[in-house]
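Input: a single structure, listed below in structure tokens.
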Amino acid sequence: MNPAAFRESVTAWLAGHADELEPFRARPFTVLAEHVERLRPFHRRLYDAGFTRAGWPADSGGSGGSALLRGVLYDEILAAGYDLPRGFEFAEIIVPTLFDFAPHLARRHLPAILRGDLLMCQGFSEPGSGSDLGSLTTRAVPDRDGFRVTGQKTWIGNGAVADWCLLLARTGDRASRHRGLTMLWIDMTSPGLSTRPIAMADGTDELAELYLDDVAVPAEHVVGGVGQGWAVAMHLLQFERSTWAWQRQAHLLATLSTAAREGARPAALGTAFLDALALRALSLEALLTTAAGHPLGPASSVTKLVLSTAERSALDARLSAGDPILTDPAGHHAAEWFHARSTSVFGGAAEIQRDLVADRVLGLPRGSA
Ligand SMILES: Cc1cc2nc3c(=O)[nH]c(=O)nc-3n(C[C@H](O)[C@H](O)[C@H](O)COP(=O)(O)OP(=O)(O)OC[C@H]3O[C@@H](n4cnc5c(N)ncnc54)[C@H](O)[C@@H]3O)c2cc1C
């Protein structure tokens, strides 16, 4: 099906089922597990209607077609004022990388992911390693049947609700830095693995800490080969920095339409619309690149920087409408405001993205003032 026809069928379905879909309208959450469970039936309805399979490989549980179809689905769900079920976020960030580096795992899990039955998380950051992932210390020690993993991860989105985790661990010695890392696919119900939600400034418990104590991981759950973890992580981050941003631009444009109705100041609104449309253009370019089967490349860092700018200016526009963002710390607006601020940190901090753009996109000489 072409994207235009798919868009028509999604919009018609959403409009035709508006009454039944009322419980899934966008609204604030504080407890992630409740939010996930509230939206799970929505994900299932979308699956039963045939929409979530579009744009994923037909030989793995999808119904085929271009990745653009997935973009159309997110666009329409968010534009119609619904929350996007949680599974879609990490599906866009993690699944393309699974297909590229561990297709046997992607094929095994895709059907459950598309039904909304399987949630994932991405376990890279540690208390002492964020921007500098080459220093991470979570160890994966070879064992008869694979690896035993011990260590701690932090700031893990979905960490307390996920079923599976794509986790970066050290298999080489510390001096091996980036070369000594391996990506593992870990069952979150494994003995020795526990999680603790982090109470966030925005009032949610969206992120979590992960504790791993001698967790067994079979050899077939290595993603991309032993010692290839850095390459796999950098590959994944390109999706987080660009194609995933498509979901955010749809959310921001819906937010700005509301702000316009609520009387946001024209100058703030204009700036915010321009930023959101720039994000739409860049993330569409990334979707088209993926759909054509081409690598995303370092330009994804530009998209990530524009994402941070667009998130901030959208919320600033809402503030200009007298939105009680700051005076309503328990509400949706406060959560959105804090989220906007955090976008210059997750997926690679803004300073690091600027370095990457200078070095790998613009080719500027290193160390120049
Ligand atoms: C909302 C949110 C969600 C997140 N979700 C996840 C997740 O799902 N999975 C996961 O693994 N992690 C996640 N993270 C963690 C995130 O990836 C890290 O916070 C991020 O990489 C920065 O690492 P850090 O916090 O250790 O800060 P640091 O690396 O200590 O950086 C602190 C500051 O120093 C700057 N800095 C560091 N190094 C340099 C340098 N070489 N040059 C210039 N400036 C530098 C940074 O830009 C930053 O401003 C999340 C974080 C947030 C806020």
### Pairwise FRET efficiency - residue 131 versus residue 187, Cβ, R0 = 22 Å, nearest 0.05
0.15
### Query
Under a point spin-label approximation (7 Å from Cα along Cα-to-Cβ), what is the residue 17-residue 258 distance to one decimal in nm?
2.2 nm
### Query
What are the extents of the Cα atoms of the stretch 121-227 along their three principal axes, listed from largest to smallest and rounded to whole Å?
42, 28, 21
### Message
For a distance above 34 Å, tell me the whole-number percent of Cα pairs in the chain that qualify.
### Response
25 percent
### Query
By how many nm would the segment from residue 234 to residue 345 grow when fully extended, if each residue of separation counts as 0.36 nm and the alpha-carbon distance is taken off?
38.4 nm
### Message
On C-alpha positions alone, give me the angle between the axis of helix 332-342 and the longest principal axis of the chain, in degrees, nearest 10.
### Response
50 degrees
### FRET efficiency estimate (nearest 0.05) - Cβ-Cβ, residue 352 to residue 220, R0 35 angstrom
0.60
### Query
Of the accessible area of the stretch 3-85, with the probe set at 1.4 angstrom, what percent is carbon plus sulfur?
55 percent
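Counting only trypsin sites (Lys or Arg not before Pro) that sit in a DSSP loop (anything but H, G, I, E, B) with at most 14 other Cβ atoms within 10 Å, what is the longest stretch of the chain containing none of them?
145-365
May I ask for the percentage of alpha-carbon pairs in the stretch 198-291 that lie more than 22 Å from each other? Don't skip to the end; give the middle numbers.
On the way: 2531 of 4371 pairs.
The proportion of pairs with Cα distances above 22 Å equals 58 percent.
Given a Förster distance of 22 Å, report the FRET efficiency between residue 265 and residue 25 from their Cβ-Cβ distance, rounded to the nearest 0.05.
Calculated transfer efficiency: 0.25.
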### Query
Hey, what's the Cα Rg ratio for the stretch 242-361 versus the globular rule of thumb, 2.2 N^0.38 Å?
1.10
### Message
Just to be sure I understand the model, the point goes 7 Å from the Cα along the line to the Cβ. What's the resulting residue 281 to residue 104 distance in nm?
### Response
4.5 nm
### Query
Each residue of the stretch 161-166 in turn: what ³J(HN,Hα) in whole Hz from Karplus with 6.51, -1.76, 1.60 and θ = phi - 60°, glycine and Pro shown as x?
10, 6, 8, 9, 10, 8
## Note on the structure
Taking the dipole of the chain about the Cα centre (Lys, Arg +1; Asp, Glu -1; charges at Cβ), the one of 121, 67, 250 that reaches farthest to the positive side is 67
### Query
What's the percent breakdown of Cα-Cα distances in the stretch 257-314 across 5 Å bins, shortest bin first?
4, 19, 23, 19, 13, 10, 7, 4, 1
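The values are calculated or read from the model by the stated rules, or taken from the named source; none is laboratory data. Computed from a predicted model, the values in this text were never measured in an experiment. Glycine gets a Cβ as well: all are built from the backbone with ideal geometry, and neighbour counts include every protein chain shown. What goes into the accessible areas is simple: the full protein's heavy atoms, side chains included, and nothing from ligands, DNA or RNA. Shrake-Rupley method; radii C 1.70, N 1.55, O 1.52, S 1.80 Å.
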